[in-house]
Amino acid sequence: MVAGSRPVKRLLTRFSTSPPCDLPGRTASAAPARNLMGRTADRMRRRAVRGVNRVLLGTGVVLGTLALLAAAALAIAPKAHAAILASAMDVQQFPGATRFIVSVSGEPHYRAFVVDGPPRLVVDFDEIDFEVPEPPPGQGVITAFRFGALSGDAGRIVFDLAEPALLVRHVYLPAIGGQPGRLVFDIEPVDATRFGYAAVTASADASEAPHQAVPHPDGRVVVIDPGHGGIDPGASTAGGEFEKDLVLAFARRLETRLSTIPGLTVRLTRSDDTFLSLSRRIKLARAFGADLFISLHADAAPQDYVHGATVYTLSERPSDAQAAELAARENLADSVSGAIEPNHQEEVSGILADLLRRETKAFSHTFAERLIGALSATMDMNSNPHRSARFRVLMAHDIPSVLFELGYLTNESDAERLLSDDWQEEIAASVAAAVADFFDLDPPIGAEWLAQGTTRDRVQ
């Protein structure tokens with residue numbers, strides 16, 4: 001992007017005259033003597049030709065004059081500004097924050113977001129012209145910045161950041177006492193996790209980025225991923241309950257249960273009815289520093305007798321046709337948002353990367369088996385409970401990942417259980433027990449710990 005004001009657009013008018021159309025006339029060949037009527041007709045034709053030529057010549061002069069006057073008017077006319085004019089900029093440093101001020105002729109509409117690698121803050125304006133004669137140098141967390149025009153009247157400012165940072169305040173101050181209006185941005189350093197979250201959610205507001213949870217010194221991080229969300233409802237029951245709502249409710253119960261395990265930090269990819277792309281879910285898991293990734297879903301089948309929970313792991317070759325069909329369906333989830341992402345595996349190559357991928361696959365398989373073992377005592381499992389296919393949401397080469405299908409919403413018994421708060425509490429306890437066992441954390445799998453939170457079910 002080029003710094004400075006927008007270049008003036010010039011209109012180049014090209015004017016040319018074309019010869020008149022050919023008109024009938026005398027030929028060069030000899031002709032016999034003509035009578036009086038013939039000569040009279042010849043004279044009339046010649047006069048008509050001369051008249052047409054005079055009219056065309058006069059029209060060309062008039063058109064040419066008008067074109068020259070229009071070009072002159074464009075040359076001396078002042079440049080038309082966008083609705084908002086930015087006339088000055090200032091950078092100020094305060095303890096713990098850096099302030100950037102833009103003097104503007106009115107209140108602009110803008111959007112801010114951050115980009116990682118390297119860290120940058122971007123502010124896009126709907127309508128703005130930049131006429132800043134002497135931009136100040138960067139200081140504080142702003143190492144440098146640049147600004148310029150985008151398409152039409154839109155404009156952009158890009159800040160290069162010395163470290164991850166977000167907007168803690170941004171406010172418009174209207175003109176008063178002879179002072180122009182001012183747009184004020186306060187930029188404050190944040191930890192890498194909050195910045196990473198803002199980067200993958202296209203935000204720059206510190207209030208929208210969650211604070212980094214303080215893990216146990218020797219602790220682990222588990223990321224729970226409630227599937228679907230927002231405009232993607234997923235499957236549904238006969239009564240109209242959506243998969244996105246059921247798995248979010250279960251994710252919250254599982255988060256509460258996992259949070260009771262010492263040495264474990266728990267994060268959710270979404271905590272409300274929000275759509276997330278498959279790749280963004282993986283990026284969030286990395287931003288949270290995940291040691292284990294659990295994607296939650298509820299299946300659907302053409303036959304209403306198909307039932308039971310299933311645990312899926314990543315494999316280039318599907319374990320069976322049903323697993324391949326489910327993976328293909330889940331991998332198209334992004335098409336609901338209108339933006340289908342390329343269906344490719346992460347481009348990570350080399351001997352070390354291959355070893356890491358194999359190790360991650362082995363850990364994923366181990367956790368899947370332990371999860372099935374913990375669930376078998378408390379819930380109805382599918383006849384083939386551990387399956388595999390090429391699920392895009394499981395493609396993080398460095399994070400052990402599983403996709404847990406809680407049951408089939410198309411089966412009446414499964415759907416009834418999924419809607420039960422007591423059943424969700426019991427299954428959440430079983431999943432938490434499997435996580436504790438996988439990380440070899442206290443408490444291990446045991447009847448006393450599993451009973452906590454489910455005693456009410458037995459009394460009633």
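The values are calculated or read from the model by the stated rules, or taken from the named source; none is laboratory data. For clarity, every value in this text was computed on a predicted model and none was experimentally measured. No Cβ is skipped: glycine too gets one built from the backbone with ideal geometry, and neighbour counts run over all protein chains shown.
Which of the residues spanning region 301-339 are at positive phi and modelled with pLDDT of 90 or more?
Hit for region 301-339 is GLY308, nothing else.
Name the pairs: first residue in region 309-327 and over 26 Å from PHE250 (Cα atoms) and assigned by TED's automatic domain parsing to the domain that holds ALA298, second residue small (Gly, Ala, Ser) and at pLDDT below 90, Cβ to Cβ under 8 Å, at least 6 apart or on different chains?
Once the first residue is over 26 Å from PHE250 (Cα atoms) and assigned by TED's automatic domain parsing to the domain that holds ALA298 and sits in region 309-327, its partners that are small (Gly, Ala, Ser) and at pLDDT below 90 give PRO318/ALA324; PRO318/ALA327.
Only one of VAL247, VAL266 is in contact with a Ser or Thr (Cβ under 8 Å, 6 or more places away or on another chain) and at pLDDT 90 or above. Can you tell me which?
VAL266
Does region 390-405 hold any residues that are touching a Lys or Arg at 6+ places or on another chain (Cβ under 6 Å) and in contact (Cβ under 8 Å) with a residue 60 or more places away in the chain, and which are they?
VAL393 - this is the single residue of region 390-405 that is touching a Lys or Arg at 6+ places or on another chain (Cβ under 6 Å) and in contact (Cβ under 8 Å) with a residue 60 or more places away in the chain.
Is it the case that ALA368 is assigned by TED's automatic domain parsing to the domain that holds ASP225, within 28 Å of ARG317 (Cβ to Cβ) and either outside any helix (DSSP H, G or I) or more than 33 Å from the chain's Cα centre (by Cα) (or both)?
no
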